[in-house]
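Q: What follows is a structure written as C-alpha cells; I'll ask about it next.
The values are calculated or read from the model by the stated rules, or taken from the named source; none is laboratory data. These figures come from a predicted structure and were not determined experimentally. A quick note on method: Cβ atoms are made from the backbone with ideal geometry, for glycine too, and the neighbour counts reach across all protein chains shown. The accessibility values were calculated without ligands, DNA or RNA, using every heavy atom of the protein model including side chains. Shrake-Rupley method; radii C 1.70, N 1.55, O 1.52, S 1.80 Å.
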Amino acid sequence: MIYIYLDGYEYNLGIFELIRSFFPNRELKNIKDLEDYSSGSLIYLSIYNSNSLNTFKCQFFVDNKLIAENEEVLEDININKNRNKTINIGVKKSIFKTLIKVCKTKHQWGVLTGIRPTKIVHDLIENKIETEDILNILTKQYLLDKDKATLILEIAGRQKQFLYPICNSKFSLYINIPFCPTRCKYCSFPTIPINKYNYLVNSYIDHLIYEIKEIRELATNKNINTVYIGGGTPTSIPVNSLRRVINEVYNCFGEDTINEFTVEAGRPDTLSLEMIRMLKEMKIKRISINPQTMNDKTLKLIGRNHTSKDIVNTYKIAKEIGIENINMDLIVGLPGESLKDMKNTLNLIEELSPENITVHTLSLKNGSAFKEHKSEYNLEDQIVVENMLDATRVFAEKNGYFPYYLYRQKNIIGNFENVGYTKKEKECIYNISIMEEKESILGAGVGATSKIYYPGENKLERLYNFRSLNEYLNRFDEIINNKRNIL
C-alpha cells in the first residue's frame, strides 16, 4: 500500500497516474487525515509560500522515516499561461524528482501521463515556439528523455501536412462493428461473439445504416475527410452485410469526396477470398491484417484461432487481389515472449513488407483477461520490453519506415508507448486525426465516440454511444436525439 497525503492541493487523476507509473503493482490510497497513516509508504505533498515564492514539496516516507524529497518553485515553470495547469506541472515535477530517487525503473516520458504527448508539441508550434525551445520545454519542464522528445517532434513535423490549415468544416467518420470471432485476452473493447449473437447482425446493420444517414443529414455543413470501419472485427460479419455499410457510406457522402477509407480486417480467419474481393470491388484501398505476433504458441495463448501461416497466406492473397495499403499491428510484451520471439516476428513481417506497422506495448486494460488474471501470466520486465521496442525501431529504420503517430495508454507495461510506422507517403490520415484531435470525428455504432472540435477555442465536446448492444438497439432514439442536439 502507498498512502498519499496532499496538503494544499486537490487529488487528481494526473497525480494518481504518475505515482502509479512508479508503483504499478502497489495499491494507492489517498488519505484525508495523517492519522490514517501509521506505517508503510507515504507520499506527502505540500504547497506553501516561501520567500514570496509558491513552492511544491514532495516527501517520501517509509515507516515514518524520510527517504527522499524534492522542491519545485512555481515561478521557475514557464510553459502554460493557465495558472492551474502550471501548478499541476509543478506538483508533478516535485513528485517525479522525488520518486525517481526511490525507484530504479526508467521513466522516459517524464511527468506526462496523458495518452497524446504529440498534442503538446502541436500546441507549442501553434503558439510560434521555435523547435529548440520546444525541445527544452519537453526535456527540462516535462522531464522527457531527449530521445522521446526528439521522437514526438519528428512525428509532429510529419503530421503537419495532414492537420493544417485547421478547417472547422472537416470531419472523419468512424463506424464500429463490434462482432468478433473470439475475444482476445488483451482486449477491453465492447466486442460481441459473432457465433452467439449472429441473429442480431441484420438488426444491428439496419440501425447502423440509419445512424450513418442521420449523420449525413446533421453534417450538411461539413466535408468528409476519412472513413474508418473498426471494431471488433468488421470482417467477421457476412460479406453482404459489410457491403451494405460501405455502400451506404458512398450513398451518403460520395466516393470521390473521401480521402481515405480503411476497413480494419484484423483477424485473418475472417478474411475469406470472397471478403477480400468484395473490399477490392468496393474500392477499399487500406485494410489491417493484424497478427500481433507471428509465434503460434503465443497466438494460441492470447485466444486467436489462426496460425502465423494463415497470416502470411491471407496477406499474400490480399496483395494479389490488389489491396494497395495494408497495416499490420504487433504487440510487444505478450506473455512468455522474449526478444528472440520478437525478432522472429519481425523477420517474418520483413518478408511481407506491409505499408504500415503499428507497434503496441501491451497494456493491461480494465476488463481484459490479462488484467483480471495478471498473476497467471509470465510478463517480461521493463528492460526486456525496452529491448524489444528497440528491435522494432531498428527494424523500422532498416526497412524504410518512419514514425508518424504515437500514443500512450493507462496500465501500459514498462511505462512505454505505441508507435505507428509508415512507408513514404503511406500514412493513415485517420490515425493522425483521431490522435491529434484537430478535427471532428463523428462516430456510429456500439461504443462509438463522437468528438466535435471547436478550433477557435481549441476544445472538444464528446458524445458517447452506448457500449451495450442491447442498449444500442433498444435505446436507439436517444442516440439519434443526442446527435441532433450536439450537431
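Q: Somewhere in region 471-487, is a residue at pLDDT below 95, aliphatic (A, V, I, L, M) and part of a loop (DSSP other than H, G, I, E, B)?
A: Taking every residue of region 471-487 in turn, at least one turns out to be at pLDDT below 95, aliphatic (A, V, I, L, M) and part of a loop (DSSP other than H, G, I, E, B).
Q: Considering region 210-235 alone, what residues qualify as being buried (at least 19 other Cβ atoms within 10 Å of the Cβ), out of contact with any Leu (no Cβ under 9 Å at 6 or more places or on another chain) and closer than 27 Å to Asn325 by Cα?
A: Those that are buried (at least 19 other Cβ atoms within 10 Å of the Cβ), out of contact with any Leu (no Cβ under 9 Å at 6 or more places or on another chain) and closer than 27 Å to Asn325 by Cα: Gly230, Gly231, Gly232, Thr233.
Q: Go through (1) surrounded by 15 or more Cβ atoms within 10 Å (Cβ to Cβ); (2) in contact (Cβ under 8 Å) with a residue 24 or more places away in the chain and name the single condition Asp63 misses.
A: Among (1) surrounded by 15 or more Cβ atoms within 10 Å (Cβ to Cβ); (2) in contact (Cβ under 8 Å) with a residue 24 or more places away in the chain, the lone unmet condition for Asp63 is (1).
Q: To continue, here is another question. I'd like the residue in region 448-467 that is within 27 Å of Lys196 (Cβ to Cβ) and at pLDDT 95 or above and, out of all such residues, is most open to solvent (accessible area, probe 1.4 Å).
A: Restricting to residues being within 27 Å of Lys196 (Cβ to Cβ) and at pLDDT 95 or above, the top hit is Tyr464.
Q: Sticking with this one: Mind listing whichever residues of region 164-209 are part of a loop (DSSP other than H, G, I, E, B) and either open to solvent by less than 40 Å² (accessible area, probe 1.4 Å) or under 16 Å from Thr270 (Cα atoms) (or both)?
A: Once the filter is applied, which keeps residues that are part of a loop (DSSP other than H, G, I, E, B) and either open to solvent by less than 40 Å² (accessible area, probe 1.4 Å) or under 16 Å from Thr270 (Cα atoms) (or both), region 164-209 yields Ser169, Pro178, Pro181, Thr182, Arg183, Cys184, Tyr186, Cys187, Ser188, Pro190, Thr191.
Let's see how each residue does on (1) loosely packed, with under 12 Cβ neighbours inside 10 Å; (2) within 33 Å of the chain's Cα centre (by Cα); (3) closer than 26 Å to Ile134 by Cα:
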position	(1), (2), (3)
Ile4	no, yes, no
Asp7	yes, no, no
Glu10	yes, yes, no
Ile31	no, yes, no
Leu42	no, yes, no
Asn54	no, no, yes
Ile95	no, yes, yes
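Q: Further question: From Ile89, Ile120, Ile129, Ile155, which residue is β-branched (Val, Ile, Thr), surrounded by 14 or more Cβ atoms within 10 Å (Cβ to Cβ) and either touching a residue at least 60 places away in the same chain (Cβ under 8 Å) or touching a Cys at 6+ places or on another chain (Cβ under 6 Å) (or both)? Working first, answer last.
A: Working: Ile89 fails: either touching a residue at least 60 places away in the same chain (Cβ under 8 Å) or touching a Cys at 6+ places or on another chain (Cβ under 6 Å) (or both); Ile120 fails: either touching a residue at least 60 places away in the same chain (Cβ under 8 Å) or touching a Cys at 6+ places or on another chain (Cβ under 6 Å) (or both); Ile129 fails: either touching a residue at least 60 places away in the same chain (Cβ under 8 Å) or touching a Cys at 6+ places or on another chain (Cβ under 6 Å) (or both).
Of the residues listed, the single one that is β-branched (Val, Ile, Thr), surrounded by 14 or more Cβ atoms within 10 Å (Cβ to Cβ) and either touching a residue at least 60 places away in the same chain (Cβ under 8 Å) or touching a Cys at 6+ places or on another chain (Cβ under 6 Å) (or both) is Ile155.
Q: For region 67-83, state whether one or more residues are loosely packed, with under 14 Cβ neighbours inside 10 Å, closer than 19 Å to Tyr11 by Cα and out of contact with any Pro (no Cβ under 9 Å at 6 or more places or on another chain).
A: Yes.
Q: Do we find that Leu143 is at positive phi, at pLDDT 95 or above and either open to solvent by 20 Å² or more (accessible area, probe 1.4 Å) or over 25 Å from the mean Cα position of the chain (by Cα) (or both) in this structure?
A: Numbers: at positive phi: yes; at pLDDT 95 or above: yes; either open to solvent by 20 Å² or more (accessible area, probe 1.4 Å) or over 25 Å from the mean Cα position of the chain (by Cα) (or both): yes.
Against the criterion (at positive phi, at pLDDT 95 or above and either open to solvent by 20 Å² or more (accessible area, probe 1.4 Å) or over 25 Å from the mean Cα position of the chain (by Cα) (or both)), Leu143 qualifies.
Q: Moving on to the next point. When Leu6 is evaluated against the numbered criteria (1) touching a strand residue (DSSP E or B) at 6+ places or on another chain (Cβ under 7 Å); (2) assigned to a helix (DSSP H, G or I), which criterion, by number, is the only one it fails?
A: The one condition Leu6 does not meet is (2).
Q: Inspect all residues belonging to region 248-257 and state whether any of them is within 20 Å of His360 (Cβ to Cβ), touching a residue at least 60 places away in the same chain (Cβ under 8 Å), open to solvent by 10 Å² or more (accessible area, probe 1.4 Å) and hydrophobic (A, V, I, L, M, F, W, C).
A: no
Q: How many residues, within region 412-430, are farther than 20 Å from Thr113 by Cα, out of contact with any helix residue (DSSP H, G or I) (no Cβ under 9 Å at 6 or more places or on another chain) and open to solvent by less than 20 Å² (accessible area, probe 1.4 Å)?
A: Residues of region 412-430 farther than 20 Å from Thr113 by Cα: 421-430.
The next check asks that each one be out of contact with any helix residue (DSSP H, G or I) (no Cβ under 9 Å at 6 or more places or on another chain); those that pass are 423-426, 428, 430.
This time we only want the ones that are open to solvent by less than 20 Å² (accessible area, probe 1.4 Å), so: 428, 430.
The total comes to 2.
Q: Looking at Asn366 and the list (1) on the phi < 0 side of the Ramachandran plot; (2) modelled with pLDDT under 95; (3) surrounded by 20 or more Cβ atoms within 10 Å (Cβ to Cβ), which single condition is not satisfied?
A: Here Asn366 clears every test but (3).
To keep it simple, each residue is scored yes or no on (1) in contact with a Ser or Thr (Cβ under 8 Å, 6 or more places away or on another chain); (2) modelled with pLDDT under 95.
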{"position": "Ala149", "(1), (2)": "yes, no"}
{"position": "Gln159", "(1), (2)": "yes, no"}
{"position": "Ile166", "(1), (2)": "no, yes"}
{"position": "Tyr197", "(1), (2)": "no, yes"}
{"position": "Val201", "(1), (2)": "yes, no"}
{"position": "Tyr204", "(1), (2)": "no, no"}
{"position": "His207", "(1), (2)": "no, no"}
{"position": "Val227", "(1), (2)": "yes, no"}
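Q: On to the next question. Tell me whether region 389-397 contains one or more residues that are modelled with pLDDT of 95 or more, part of a helix (DSSP H, G or I) and acidic (Asp, Glu).
A: The answer is yes; a qualifying residue exists.
Q: Go through region 330-362 residue by residue and tally those that are open to solvent by 10 Å² or more (accessible area, probe 1.4 Å), in contact with a strand residue (DSSP E or B) (Cβ under 9 Å, 6 or more places away or on another chain) and in a loop (DSSP other than H, G, I, E, B).
A: 1
Q: Does region 149-170 contain at least one residue that is touching a Lys or Arg at 6+ places or on another chain (Cβ under 6 Å) and of a type in the set (Gly, Ala, Ser)? Can you show your working first?
A: Going residue by residue through region 149-170, those that are touching a Lys or Arg at 6+ places or on another chain (Cβ under 6 Å) are 163, 166, 169.
If we keep only those that are of a type in the set (Gly, Ala, Ser) as well, we get 169.
For region 149-170, residues touching a Lys or Arg at 6+ places or on another chain (Cβ under 6 Å) and of a type in the set (Gly, Ala, Ser): present.
Q: Test Lys483 against the criterion of being buried (at least 19 other Cβ atoms within 10 Å of the Cβ), without any contact (Cβ under 8 Å) to a residue 24 or more places away in the chain and touching a strand residue (DSSP E or B) at 6+ places or on another chain (Cβ under 8 Å), and give yes or no. I'd like the intermediate steps shown before the answer.
A: Numbers: buried (at least 19 other Cβ atoms within 10 Å of the Cβ): yes; without any contact (Cβ under 8 Å) to a residue 24 or more places away in the chain: no; touching a strand residue (DSSP E or B) at 6+ places or on another chain (Cβ under 8 Å): yes.
Considered against the rule, which asks whether it is buried (at least 19 other Cβ atoms within 10 Å of the Cβ), without any contact (Cβ under 8 Å) to a residue 24 or more places away in the chain and touching a strand residue (DSSP E or B) at 6+ places or on another chain (Cβ under 8 Å), Lys483 comes out as no.
Q: Out of all the residues in region 54-68, which are in a strand (DSSP E or B), more than 10 Å from Lys97 (Cα to Cα) and not polar (S, T, N, Q)?
A: Phe56, Lys57, Phe60, Phe61, Val62, Lys65, Leu66, Ile67 - these are the residues of region 54-68 that are in a strand (DSSP E or B), more than 10 Å from Lys97 (Cα to Cα) and not polar (S, T, N, Q).
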